[in-house]
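See structure below.
The values are calculated or read from the model by the stated rules, or taken from the named source; none is laboratory data. All of these numbers come straight from a predicted model, not from anything done at the bench. FYI the Cβ positions are ideal-geometry reconstructions off the backbone, even for glycines, and counts take in every protein chain you see. Surface accessibility is based on the protein's heavy atoms, side chains included, excluding ligands, DNA and RNA. Shrake-Rupley method; radii C 1.70, N 1.55, O 1.52, S 1.80 Å.
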Amino acid sequence: MKNINIICVDDQSEVLDSVIRDLRSLEDFFRIEGTESSEDCLSLIDEIDSRGEQVGLVISDHVMPGTSGVELLKTIFNDSRFSNTKKILLTGQANHADTIKAINEAGIHSYFEKPWNAEELLNTVKSLLTQYILKTGIDHTEYMPVLDQAVLLEYLRKNA
Amino acid sequence: MMTKTKWLKAIISIVISIGFYFLPELLGVSLTPVEKRVVSIFMLAALFWILEPFPIWTTSMMVIVLMLLTVSNNALSFLKTDSSGELFKNLIPYKSIMATFADPIIMLFLGGFFLAAASTKYRLDMNLAKVLLKPFGKNPKFILLGLMMVTAVFSMFMSNTATAAMMLAILAPVLALFDADDKGRAAFALAIPIAANVGGMGTPIGTPPNAIALKALNSMDLSVSFGKWMAFGVPYVIVLIIISWFLLLKLFPITKQSMELKVGDKFLKTPKAIIVYITFALTVILWVLGDGVHGMNSNVIAMIPMAVFALAQIITKDDLNKMSWDVLWLVAGGFALGLGLQATGLAQNLIGSIAFDNFPAMGLMIGAGVLCLLMANFMSHTATASLLIPIFAAVASSLGGSLDGIGGVTGLIVSVAFASSLGMSLPISTPPNALAHATGLIDTKGMAKTGIIIGILGMVLTYIMMYFLAAIHVF
Amino acid sequence: MSFNDNTNWSFENDNAEKQIDRLKQLYFLTDSASRATYKKGKHIVTQGALNDHLYLVLSGTVSGEFEIKNFLDTGESRSFEVFSGSKGTFVGVHSFFSDPHFSFFSVKAVTEVEVAILKRGTPPIEPETYGSLKEQFIPMISNELVHRNFHLLKTLISNEQTLNRLHRSELNASLGQLAAGIAHELNNAVGVISRKTDYISEALDKIIATKSPEMHSFFQKGFLYNAVESTEQIRKQSRQLENKWKLSTSKAKILSRILFSSPELEASTAALLENFSEKASYWELGRDMRDISLAANHSADIVKSVRTLGGSHVTREEGLSIYETLSRAIALLKPNLGNINLEVDLESIKKVPLIYGDMTEIVQIWVNIIKNACDAMMVAETKDASILIRSFYSEKEVSVHITDNGPGIPKEMVDKIYQSDFTTKKNGLSFGLGLGLTIVKRIVESYDGKIFLASRPQKTTFTVKLPIEKHYEKY
């Protein structure tokens, strides 16, 4: 169990800590990691992949020293190893052009503005991970308590 | 990825199964090496299905492959001959083992999958639910009954899981409007898996245990037609649903006065949608009429919607790939186990060594039901049926006429199949139970209480029905 | 853009020039032509008066003025320049050739002016070839018209530029005021948060010390936690701890942080893990308090900086620390730095002696220079963009060097960067505080300081020198 990783990226450690804390209720089912830069995140997902684990979701800030969040998510989007990985942009500072790029070129699945609502973030994360699990064919019964009901039920109506 | 516990379970299962190879000898029962191998494979399947170190359908696949390698006429050469180099007499033709996956009953199920997939795709399920739920008004009590009836009806043709998923999705937004302390929420959440499980008993294609039972009956030339199954199955389902409804209202009284379900929209009127409606109706009508009227048996009829939907591109290649092939493999594995028991002569040998003749028929029937119900609560219904039905089929055939008063061999096998569908007291008992439990509206205790009562009442009702059916010489 | 430099306003026409030259030679520059001299300020023609002379300016400067008696209902009269001219300019063109011969505007001698005069009624020369007098003068008339139009156009454009400049500086000023206003409002709120956070941490510290003394050290460790290790180190270590001690990921991470900050506890990890859930939550509580108080102080700093920046009171005093002005400027800019790496040579800056000056003004200098560098690098998408701030001092002055590795400022632009209407920004202001480099220069010069720019690609340095002592009076 705990083969699916959630990776949070934010250069501000206090913010990173808050994101991870908001997702703590998922800790029994997913491995939740934090990195403080895009570069660190890329080397981490490499490591995760080489261990044979999966990257289910990346939640990234946008404005960071070095590679920006949108660039990071774009890199992940274009990496065939992570083609199913869900991506959330969590930022207070992306402008219109960044946002367009994030959607068109990085294929983000959700956009959150800072400050974010913890419950909303958690629900979105659950829903995206449910989609991830169903899409990748991982046995969903092991994740039952944290799955998004609506997504799961709709899937099972069509596929059971 | 396998965790340590799973590896441990797998290893323990393998060790015990190997141990079982030597057990008959220790007990003084003499079996041929081929029969002993079947005993081991059977035990391995049973343990894998109970402990689940692997997904259950993979165990089925393993059963088929292990049988091909060890007990078929195309097995590894050193396993085909005894110490003197003589070929074993009871090896199973490898084609028969492979044929389990192309069994007519598998095709019958696949036909059911096509019907379900097409009606989901064209939203026939949702829209039909809307029409069917309308007469039940706005009183939560009657809506509960309506939901159970609709769920049961759908579950006769769709998988129990898909039906439960659909109905829970309809319910979820409405239940959110209930007061947090309204016990009625639990009644609704529980009603769905109960009705889905019970409804599956209504038709041969309702749930895989029925397939296992049909297969066992077929192999003894005691075939039950689609129409005949429905003739007793549907009334049974209706009575059990009403009993369950009373029970739920008693255990979880609803305080909310009025509610409204929002489900479905307009029926699609595209040519493809109309083809789905007509084909669905026609297939069911042909099934109910039976070969006495039109000459086609239910397995053949099941192929009609497949061809129609495929040609009309209602079911595309993608849809075809998304069918629950795992369920078919699971059932095929069950068939293979039954085949192993019968074709090697193992069943006869074992039954012969135990003096079943002296067993009271009624006791045997109840014993079988209790054992089956118990197992079905903790493991897959299909796996339970796969393990128990071949054994009880053999036992029943050895009993001869003493079972006649309670439905004979057919009665026993159908009641074992029913018992395996009645295991629904735990979240792990069935996927619909797991879904209902995951809503968070029903605790394990409430589910257990209701599930046990309905399981027992269901069994009692089964026996009464068998007695009645025997009395009017249906079986 | 300044239109004098870049625009080709050439409308000269050789053929017309020749014809006009002929006219001048034949009618004005003959010995018989009458001449007159006007003293400075005298009217050659007067607005509204009759005029039957055509004048050619031989020397001096004239200016055509249109007078409005009651300008914008103010009761005052205002004159607007319509054209200006010197040697070669014709005066009285309109009134001489039009009918009736009233002058449309006045023409004044700006310096002493000598003119040659052509009287109405003078017979045309060579009429058989060149036509009537009017016809002969047409090239001159049209030429004159073009000149006057051009003059008006120039005025119009220059007005437009003035307006733009005015608008921009007003926008800057009002954004600055707006920011200062908001900062003023926030000041109280942030002050309360900051103060009360301190109270709460102190109170919590005391409560925990008395109520659960065994947890106190964990609260304190959390409160004083200051990450020295990288997240990667934490991740690696916590993964080991997780496996070794069977902890959840989040607990393992806390344990890892505790062990990093207090390595002496490593030997007694087993004891540390007793009741670890509670210890971990106290540690987290401590760290949360630390985060809150850091954030509160940070907000208070920003508010303070914005207030100083937008403030209009300038009080230059002895003892201003360059270090503090730079810290404020950086605090203010931090949210806008994006991915630009800001290196501050604290060692060199802390050594600098205190100066005589006003906090607001000096902060303005840094903010504007740094912001300018950031903008240039963002527009140019400079890779690994960084800004280095260093400081030096001599007996009399301190100098601050702000260096960026952006694209540099081209030589031809160097002289213009301090002009208030100079900008390379495409879409206006991204940061509304201050007036850019214009204000920087103005402030620096008001201190008798100097600002230098040395620029080449990848290295642009602004050097600001400010005198240490008060050896100037004006500001």
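Is it the case that B:SER83 is among the polar types (S, T, N, Q), crowded, with 16+ Cβ neighbours inside 10 Å and not assigned by TED's automatic domain parsing to the domain that holds B:GLY227?
When the stated conditions are applied, B:SER83 does not pass them.
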message = Out of the residues in the range C:25-61 meeting the condition of being in a loop (DSSP other than H, G, I, E, B), in contact with an Asp or Glu (Cβ under 7 Å, 6 or more places away or on another chain) and touching a residue at least 60 places away in the same chain (Cβ under 8 Å), tell me which one is surrounded by the fewest Cβ atoms within 10 Å (Cβ to Cβ).
response = C:LYS39
key: Residue within the range C:209-226 that is out of contact with any helix residue (DSSP H, G or I) (no Cβ under 6 Å at 6 or more places or on another chain) and under 30 Å from C:GLU17 (Cβ atoms) present   = no
query = Where in the range B:161-273 are the helices (runs of 4 or more DSSP H), entirely inside, with at least 1 residues that are under 24 Å from B:VAL416 (Cα atoms), in contact with a Phe, Trp or Tyr (Cβ under 6 Å, 6 or more places away or on another chain) and open to solvent by 10 Å² or more (accessible area, probe 1.4 Å)?
reply = B:208-219
ask   = Among A:ILE76, A:ILE103, which is the only one that is surrounded by fewer than 15 Cβ atoms within 10 Å (Cβ to Cβ), within 15 Å of the chain's Cα centre (by Cα) and at pLDDT 90 or above?
value = A:ILE103
request  = Collect the residues in the range B:341-364 that are within 26 Å of the chain's Cα centre (by Cα) and either modelled with pLDDT of 95 or more or of a type in the set (Ser, Thr, Tyr) (or both), keeping them in residue-number order.
outcome  = B:THR344
request  = Look through B:ALA117, B:ALA99, B:ALA129 and report the one residue that is open to solvent by 20 Å² or more (accessible area, probe 1.4 Å), within 14 Å of chain A (Cβ to nearest Cβ) and part of a helix (DSSP H, G or I).
outcome  = B:ALA117
request  = Taking the residues in the range C:77-121 that are surrounded by 17 or more Cβ atoms within 10 Å (Cβ to Cβ) and among the polar types (S, T, N, Q) as candidates, determine which candidate is nearest to the chain's Cα centre (by Cα).
outcome  = C:SER84
remark   = Every listed condition ((1) more than 14 Å from chain A (Cβ to nearest Cβ); (2) over 18 Å from the mean Cα position of the chain (by Cα); (3) open to solvent by 30 Å² or more (accessible area, probe 1.4 Å); (4) aliphatic (A, V, I, L, M)) holds for C:VAL414 save (2)
key: Sole exception among (1) at negative phi; (2) surrounded by fewer than 18 Cβ atoms within 10 Å (Cβ to Cβ); (3) within 14 Å of chain A (Cβ to nearest Cβ) for B:ALA471, by number   = (3)
ask   = Out of all the residues in the range C:207-229, is one or more under 26 Å from A:LEU16 (Cα atoms), touching a Lys or Arg at 6+ places or on another chain (Cβ under 6 Å) and within 11 Å of chain A (Cβ to nearest Cβ)?
value = yes
ask   = Does at least one position in the range C:95-104 carry a residue that is of a type in the set (Asp, Glu), at pLDDT below 85 and not in a helix (DSSP H, G or I)?
value = yes
inquiry  = Quick test for you: out of A:LEU152, A:LEU128, A:LEU156, pick the one residue that is under 12 Å from the mean Cα position of the chain (by Cα) and either under 24 Å from B:ALA434 (Cβ atoms) or more than 14 Å from chain B (Cβ to nearest Cβ) (or both).
reply    = A:LEU128
request  = Please find, among A:LYS158, A:LYS135, A:LYS101, the residue that is under 30 Å from B:PHE113 (Cα atoms) and touching a helix residue (DSSP H, G or I) at 6+ places or on another chain (Cβ under 7 Å).
outcome  = A:LYS158
task = Check the range A:89-99 and report whether any residue there is touching a strand residue (DSSP E or B) at 6+ places or on another chain (Cβ under 6 Å) and crowded, with 18+ Cβ neighbours inside 10 Å.
result = yes
task = Could you tell me whether any residue of the range B:302-317 is of a type in the set (A, V, I, L, M), crowded, with 23+ Cβ neighbours inside 10 Å, touching a residue at least 24 places away in the same chain (Cβ under 8 Å) and in a helix (DSSP H, G or I)?
result = yes
remark   = C:ILE292 meets each of (1) open to solvent by less than 50 Å² (accessible area, probe 1.4 Å); (2) assigned by TED's automatic domain parsing to the domain that holds C:GLN220; (3) not basic (Lys, Arg) with one exception, condition (1)
remark   = Of (1) at pLDDT below 95; (2) closer than 30 Å to B:LEU320 by Cβ; (3) more than 14 Å from chain B (Cβ to nearest Cβ); (4) surrounded by 17 or more Cβ atoms within 10 Å (Cβ to Cβ), A:LYS86 fails just (1)
message = Can you go through B:LEU76, B:LEU31, B:LEU26, B:LEU69 and tell me which one is surrounded by fewer than 16 Cβ atoms within 10 Å (Cβ to Cβ) and either at pLDDT below 90 or within 14 Å of chain A (Cβ to nearest Cβ) (or both)?
response = B:LEU26
inquiry  = Could you check the range B:132-153 and list, in sequence order, the residues that are open to solvent by less than 10 Å² (accessible area, probe 1.4 Å) and either more than 13 Å from chain A (Cβ to nearest Cβ) or over 25 Å from B:GLU260 (Cβ atoms) (or both)?
reply    = B:PRO140, B:ILE143, B:LEU144, B:GLY146, B:LEU147, B:MET148, B:VAL150, B:ALA152
